[in-house]
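The structure under discussion appears below in the form of structure tokens.
The values are calculated or read from the model by the stated rules, or taken from the named source; none is laboratory data. These numbers were taken from a predicted model, which means no experiment stands behind them. Using ideal geometry, Cβ is built from the backbone for each residue, glycine included, and neighbour counts are taken over all protein chains shown. Protein only, heavy atoms only, side chains kept; ligands, DNA and RNA dropped before computing areas. Shrake-Rupley method; radii C 1.70, N 1.55, O 1.52, S 1.80 Å.
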Amino acid sequence: MTQNSSKIQGKFYPLQHEEWLKACRELTPAQKDVLYYIRTLDPYGDGVELSVSGIARQLSTENKEVHRSTVSRALKALDDKGFIDLELLKVQVKILAGGLHCCDETTVLSVGNTVASPQQARSLRNKRDHDATSAIATQQPSSESPTQSQSSSPKTYKTYSDFIKTLSEEERANFWKFCEEKTKNLSQPVNDIEAWLGHKNKAGRNRWEVYYEKYLASKQVQAKKTETKNARDEFRRELEERQRQAQRAWEESQSQNHNRTNGGVT
């Protein structure tokens, strides 16, 4: 048996058996494809800038086309399940905005080489919002992104102990619970969440700042979901009340017609 002495160049991802089994149990085939596309590109978890369209194009074959929407859904699922940390960097659209001498019909949204009517433009904007992950930075959950926005950072504190004292007991407990949930899939378990948060990440940022930003963002998402649900419930209640009023009005009308037909005798 002869052995090829030439070395294979490039990065290698150290895939462990337990990790593979976990991915097989929890992920769909499309999600696994996207996950290991990312991890083999970024085996050290340093963070890598990718695009949904680029991932879809490279995962596609002559026999199977992978759509951008499939990749977008896979990325969201992987982020929700803690396999990756996903951060939106930019969304690019070109807008030709009309001025005072332009009417609504001349306002267009240009995407690529196509020009849409106002109705089509709204549809395209909605679709672009849905696929907002068309330019993303993603990395394994073992490290935090070095490019996370500073604008959403909490008020600047020098140490973790200074920061954590500013939170109420309930908020503190919720923050710790969020961090524990986000770190449960790390290759090395976090036994002391406070000590872990008190250190800096590979990018030199305070880890508690990074995760508090994520925590605040998750609260905003949950608040929007709750608001949407409450609005939907309120609409349903109003609709049911209108149906009851219509039913009562119909019954009263039927009763009046019956009385008139029978000469007012009940």
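Just name the residue that is least open to solvent (accessible area, probe 1.4 Å) out of those in the stretch 172-193 that are under 22 Å from L21 (Cβ atoms) and touching a residue at least 12 places away in the same chain (Cβ under 8 Å). Walk me through it before giving the result.
Narrowing the stretch 172-193 to residues under 22 Å from L21 (Cβ atoms): 181-190.
Among the residues that remain, those that are also touching a residue at least 12 places away in the same chain (Cβ under 8 Å) are: 181-188.
Details: E181: 107, K182: 46, T183: 9, K184: 126, N185: 41, L186: 26, S187: 104, Q188: 144 Å².
Only one residue tops the list, namely T183.
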- Say we look at the stretch 29-78 and pick out the residues that are without any contact (Cβ under 8 Å) to a residue 60 or more places away in the chain and small (G, A, S); which of these is farthest from K202 (Cα to Cα)? S60
- Task: Determine, yes or no, whether L21 is over 23 Å from the mean Cα position of the chain (by Cα), under 21 Å from K182 (Cα atoms) and at pLDDT 90 or above.
- Result: yes
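Filter the stretch 197-214 down to residues that are closer than 18 Å to T159 by Cα and part of a helix (DSSP H, G or I) and give me whichever is farthest from the chain's Cα centre (by Cα).
Step one: list which residues in the stretch 197-214 are closer than 18 Å to T159 by Cα, which gives 197-213.
From what is left, the residues that are part of a helix (DSSP H, G or I) are 197, 207-213.
On the way: L197: 23, R207: 21, W208: 21, E209: 20, V210: 17, Y211: 16, Y212: 17, E213: 14 Å.
This residue is L197.
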- Message: Quick check on D46: is it among the charged types (D, E, K, R), closer than 27 Å to S218 by Cβ, surrounded by fewer than 14 Cβ atoms within 10 Å (Cβ to Cβ) and more than 17 Å from the chain's Cα centre (by Cα)?
- Response: yes
- Item | Residue pairs meeting the criteria (Cβ under 6 Å; at least 6 apart or on separate chains; first under 14 Å from W196 (Cα atoms), in the stretch 153-164; second open to solvent by less than 30 Å² (accessible area, probe 1.4 Å) and at pLDDT below 70) | none
- Just one of (1) open to solvent by less than 90 Å² (accessible area, probe 1.4 Å); (2) farther than 28 Å from A217 by Cα; (3) not hydroxyl-bearing (S, T, Y) trips up L35, so point out which. (2)
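Which residues, taken from the stretch 207-223, are in contact (Cβ under 8 Å) with a residue 12 or more places away in the chain and of a type in the set (V, I, T)? If you could, list the steps in order and put the result at the bottom.
Going residue by residue through the stretch 207-223, those that are in contact (Cβ under 8 Å) with a residue 12 or more places away in the chain are 207-218.
Scanning the stretch 207-223 gives a single hit, V210.
Table: residues versus (1) more than 22 Å from G82 (Cβ to Cβ); (2) at pLDDT below 85; (3) surrounded by 10 or more Cβ atoms within 10 Å (Cβ to Cβ).
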position: E170; (1), (2), (3): yes, no, no
position: N201; (1), (2), (3): no, yes, yes
position: Y211; (1), (2), (3): no, no, yes
position: T228; (1), (2), (3): yes, no, yes
position: Q243; (1), (2), (3): yes, no, yes
position: R248; (1), (2), (3): yes, no, yes
position: H258; (1), (2), (3): yes, yes, yes
